[in-house]
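Let me begin by presenting the structure, written as structure tokens, before commenting on it.
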Amino acid sequence: MESEAQAILAAAQRIDAQLPAAVDLIRSTPGKLIVTGIGKSGHLARQLAATLQSTGTPAVFLHPAEATHGDLGICQPGDAVLMISKSGSTAELLQLVPRLSQHKLIGILGNVDSPLARAMDVVLDASVPREADPEGFMPSASLAVAQAIGHALAVALMQSRAFTARDFAHLHAGGQLGRSLTMTVADVMHSGEEVAWVSPNDTLKKVVIALSRRPLGAACVLSASGQLEGLVTDGDVRRAFESH
């Protein structure tokens with residue numbers, strides 16, 4: 001974990017100029033963002049496309065192998081493309097480059113001197129000195145860095161679009177995040193005939209009857225002028241009978 005954290009910190013120092021360039025490129029293109037990668041980078045590309053979608057940047061995932069079998073039709077004029085690769089020499093991505101010559105290309109690449117890097121309009125440097133596992137071959141630190149850069153890009157795009165919590169809630173209307181940002185007291189409160197109403201002079205027996213008819217666990221105590229003076233709960237009633 002410390003190896004991955006150090007790799008992310010090092011990467012953060014390298015992308016100061018690259019990140020704004022990537023944001024400007026994406027914002028200057030009228031279409032959506034195509035995110036692609038294969039293997040572990042492909043799983044990350046799919047997740048990043050979902051993150052971008054949910055934070056105001058239209059994005060879709062394109063499987064590079066399926067692209068050459070018809071899925072390339074998802075790429076339309078005005079779209080930008082984000083490629084993710086640890087080696088920068090992924091054959092499936094290299095095969096796509098000539099077919100995407102009309103599109104602006106951004107790469108989150110683990111090798112900035114690679115064939116893919118030379119084809120990109122903007123390169124975000126995701127290189128790491130070594131992976132975190134003892135043998136140094138499992139894509140651990142490199143994947144963590146690529147993901148962190150992808151998230152940095154998503155956040156920078158949010159800021160450039162002035163994307164707010166209200167916008168976020170609009171796109172997450174069906175989830176807990178959206179509900180917590182948009183739900184108000186009025187959405188969950190009870191009122192009118194749903195509620196047990198009593199007066200300060202009512203007997204405890206009347207309160208029990210009101211609580212039984214409107215089983216919300218409490219009765220509102222109103223004054224003669226209709227002002228709320230207090231609340232009597234089921235627990236209040238039980239404790240009163242216990243004491244008296």
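The values are calculated or read from the model by the stated rules, or taken from the named source; none is laboratory data. Because the structure is a prediction, the values reported are computed rather than measured. Ideal geometry is used to build each Cβ from the backbone, glycine not excepted, and the neighbour counts take in all protein chains shown. We work out accessible area using only protein heavy atoms, side chains counted, and drop any ligands, DNA or RNA first. Shrake-Rupley method; radii C 1.70, N 1.55, O 1.52, S 1.80 Å.
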Note to self: Considering only residues that are within 18 Å of Glu131 (Cα to Cα) and open to solvent by less than 30 Å² (accessible area, probe 1.4 Å), which ones fall in the stretch 74-93?
What the structure shows: Ile84, Ser85, Gly88
Margin query: List the residue pairs whose Cβ atoms are under 9 Å apart, where the first residue sits in the stretch 227-241 and is closer than 16 Å to Val195 by Cβ, the second is of a type outside the set (A, V, I, L, M) and assigned to a strand (DSSP E or B), and the two are 6 or more positions apart or on different chains.
Written below: Leu228/Cys220; Glu229/Cys220; Gly230/Cys220; Leu231/Cys220; Val232/Cys220
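From Thr51, Thr57, grab the single residue that is farther than 24 Å from Arg118 by Cα, in contact with a helix residue (DSSP H, G or I) (Cβ under 8 Å, 6 or more places away or on another chain) and open to solvent by less than 30 Å² (accessible area, probe 1.4 Å).
Thr57
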Checklist line | Where Thr57 falls short, out of the listed (1) in a helix (DSSP H, G or I); (2) more than 18 Å from Leu143 (Cβ to Cβ) | finding: (1)
Note to self: For the stretch 222-229, check the following and say yes or no: at least one residue is open to solvent by less than 80 Å² (accessible area, probe 1.4 Å), in contact with a strand residue (DSSP E or B) (Cβ under 8 Å, 6 or more places away or on another chain), modelled with pLDDT of 90 or more and not β-branched (Val, Ile, Thr).
What the structure shows: yes
Next item on the list: Could you check, for the stretch 105-115, whether at least one of its residues is open to solvent by less than 30 Å² (accessible area, probe 1.4 Å), over 28 Å from the mean Cα position of the chain (by Cα) and free of Cβ contacts under 8 Å to residues at least 60 places away in the same chain?
Entry: yes
